[in-house]
Amino acid sequence: MADASQPNGRRFDQLAHKPDEINKFWRNANFFFDRVYQTMGLDPLYRAYLSSPKRVLTVSCPVRMDNGSIQVFTGYRVQHNNARGPFKGGLRFDTEVDRDEVMALAMLQTWKNALVELPYGGAKGGVVCDVKKLSLNEKEALTRRYTAEIMPVIGPFDDIPAPDLGTDSQVMAWMLDTYSMMTGRQALSVVTGKPVALGGSCGREEATGRGVMYVLKRFMEVTQHRSLEGMKIAVQGFGQVGFHASRLLDELGAQVIAISDKFGGIFNENGIDIESAGQYYRENGQLTDYPEGDAISNEELLTCECDVLIPAARENTIDSTIAPHIQAKIVVEAANGPTTPEADQILCEQGVTVLPDILANAGGVTVSYFEWVQGLDNYFWDLDRVRAELQRVMNRAFDTVNAKADESDCDYRTAAYTIAVGRVAEAVRLKGIFP
Ligand code: NAD
């Protein structure tokens, strides 16, 4: 069990002037957890238990590459906590994956699943690889070998992976097939985010972006008494989440004026044609040289003049150097962990409203839950039902967080963490510690 005094024992004011030191995702995740834990009056016995993952699996995945050579990839599956149900969380293929990153993502997943009241614990997986440089065959071989290596810890009632950065429904289809071949039986619900033709749920691909849209829409209606019509929005990251969030906000009359990927972005003050930019991105794998706008850097996107900033790329993109220059009054965290604790404090002092990741991007895992339920039932819903149920869950989660923020006079992240950590701590308390 972890030492309860580290890193949780450190206070924000001790860290505030050392941005490099706190710009570590795992430490940041612990910081946000610890901040609410200390104020909630929960039994300190559970602090170390909840701040460390239950299981960290590291695997080596040898893959025969197209040129005949063997390359060994490192992968992880981290299971943070399962007090509320089976472990659940995405799988990331990315060059920057490391053990600490996956541990942080698994912890965030525990809080997120509790916040939207899903009967799951939290987990995350990752493989260190440059996915864009792998051929389709190499990607399939890597996925299958990784699945075989983590077989002992996954299963429809044990741990259920889903897509994340660098993975998609095809990767889930290979995982499903590998699991089914190795166990000798079909187990549709061992992964979610599968293609619809293999028992996936309709509406899963757009779900995270749609959830982002529902949360922002609800926030505007409930607290500002207005619609999204005419609001200027900048979106960092134009993958599965960023694209669908942009598309759906555009449909509601908002103007998406800036989008980006890891190579840079596009700015157009009259609004970007999202369908056309999406097609260009799919065909070229990046937005570079997209003709209908001015090229900008990611820093310029984050600090451009807009009403709403949506980081939808990866963790730590809003740090203490960027935060003072952000002009948006609302930040919606579509990515996991995009804001460092120090940047979060700066934004708070600047009066910026931050709709936190564990609330804003919970639409993906919510429809994953619907998919899991449909697979277990062998009864599949239509798109209208998926969207209506998703909206109900996201609105309920926002309303609960909003009420908590009002009641405790605190920011949305503190409110969301207080609710989520409280639910997990209560489940741990009821179950007790075995043996
Ligand atoms: P994706 O791989 O489909 O797209 C990622 C996008 O971000 C790409 O456009 C990529 O070029 C860009 N990007 C990567 N690094 C960047 C950087 N340093 N600066 C700017 N852009 C960068 O991934 P995704 O599924 O859209 O996930 C995006 C984020 O949303 C991640 O933080 C992920 O954990 C989170 N998320 C995803 C889901 C989901 O259902 N896919 C659910 C919840 C949260």
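The values are calculated or read from the model by the stated rules, or taken from the named source; none is laboratory data. Worth saying up front: this structure is predicted, and the values here are computed from it rather than measured. Cβ atoms come from the backbone with ideal geometry, glycine included; neighbour counts cover every protein chain shown. Surface accessibility is based on the protein's heavy atoms, side chains included, excluding ligands, DNA and RNA. Shrake-Rupley method; radii C 1.70, N 1.55, O 1.52, S 1.80 Å.
Give the residue, chosen from Ala234, Ala254, that is buried (at least 24 other Cβ atoms within 10 Å of the Cβ) and within 16 Å of the ligand (Cβ to nearest atom). Steps first, answer last, please.
Values: Ala254 fails: within 16 Å of the ligand (Cβ to nearest atom).
Within the list Ala234, Ala254, the selection yields Ala234.
Under the condition of being of a type in the set (Gly, Ala, Ser), under 25 Å from the mean Cα position of the chain (by Cα) and under 19 Å from Ala245 (Cα atoms), which residue from the range 267-307 is most open to solvent (accessible area, probe 1.4 Å)?
Taking the range 267-307 as the starting set, the residues that turn out to be of a type in the set (Gly, Ala, Ser) are 271, 276-278, 285, 293, 295, 297.
From the residues that got through so far, the ones that are under 25 Å from the mean Cα position of the chain (by Cα) too are 277-278, 285, 297.
Adding the requirement that they be under 19 Å from Ala245 (Cα atoms) leaves 277-278, 285.
Numbers: Ala277: 0, Gly278: 2, Gly285: 25 Å².
So, considering only residues that are of a type in the set (Gly, Ala, Ser), under 25 Å from the mean Cα position of the chain (by Cα) and under 19 Å from Ala245 (Cα atoms), the one most open to solvent (accessible area, probe 1.4 Å) is Gly285.
The rows are residues; the columns are (1) over 25 Å from Pro163 (Cα atoms); (2) of a type outside the set (Val, Ile, Thr).
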{"residue": "Ile330", "(1), (2)": "yes, no"}
{"residue": "Gln345", "(1), (2)": "yes, yes"}
{"residue": "Pro356", "(1), (2)": "no, yes"}
{"residue": "Ala360", "(1), (2)": "no, yes"}
{"residue": "Thr366", "(1), (2)": "no, no"}
{"residue": "Arg413", "(1), (2)": "no, yes"}
{"residue": "Ile419", "(1), (2)": "yes, no"}
{"residue": "Leu430", "(1), (2)": "yes, yes"}
{"residue": "Pro435", "(1), (2)": "yes, yes"}
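Looking at (1) in contact (Cβ under 8 Å) with a residue 60 or more places away in the chain; (2) within 10 Å of the ligand (Cβ to nearest atom); (3) more than 20 Å from Val365 (Cβ to Cβ), which is the one condition that is false for Gly211?
For Gly211, the exception is condition (3).
Every residue in the range 46-73 that is among the aliphatic types (A, V, I, L, M), in contact (Cβ under 8 Å) with a residue 60 or more places away in the chain and not in a strand (DSSP E or B), please.
Filtering the range 46-73 down to residues among the aliphatic types (A, V, I, L, M) leaves 48, 50, 56-57, 59, 63, 65, 70, 72.
Next, from what is left, pick out any that are in contact (Cβ under 8 Å) with a residue 60 or more places away in the chain: 50, 57, 59, 63, 65.
Within the range 46-73, Leu50, Met65 qualify.
When you look at Thr39, is it polar (S, T, N, Q), at pLDDT 95 or above, over 20 Å from the mean Cα position of the chain (by Cα) and open to solvent by 10 Å² or more (accessible area, probe 1.4 Å), yes or no? Write out each step before concluding.
On the way: polar (S, T, N, Q): yes; at pLDDT 95 or above: no; over 20 Å from the mean Cα position of the chain (by Cα): yes; open to solvent by 10 Å² or more (accessible area, probe 1.4 Å): yes.
Judged against the criteria, Thr39 is not a match.
Out of (1) in contact (Cβ under 8 Å) with a residue 60 or more places away in the chain; (2) open to solvent by less than 10 Å² (accessible area, probe 1.4 Å); (3) outside any loop (DSSP other than H, G, I, E, B), what's the single condition that is false for Ser201?
Answer for Ser201: the failing condition is (3).
Could you tell me whether Pro324 is modelled with pLDDT of 95 or more and in contact with a Pro (Cβ under 9 Å, 6 or more places away or on another chain)?
Working: modelled with pLDDT of 95 or more: yes; in contact with a Pro (Cβ under 9 Å, 6 or more places away or on another chain): no.
Here the answer is no, as Pro324 does not meet what is asked.
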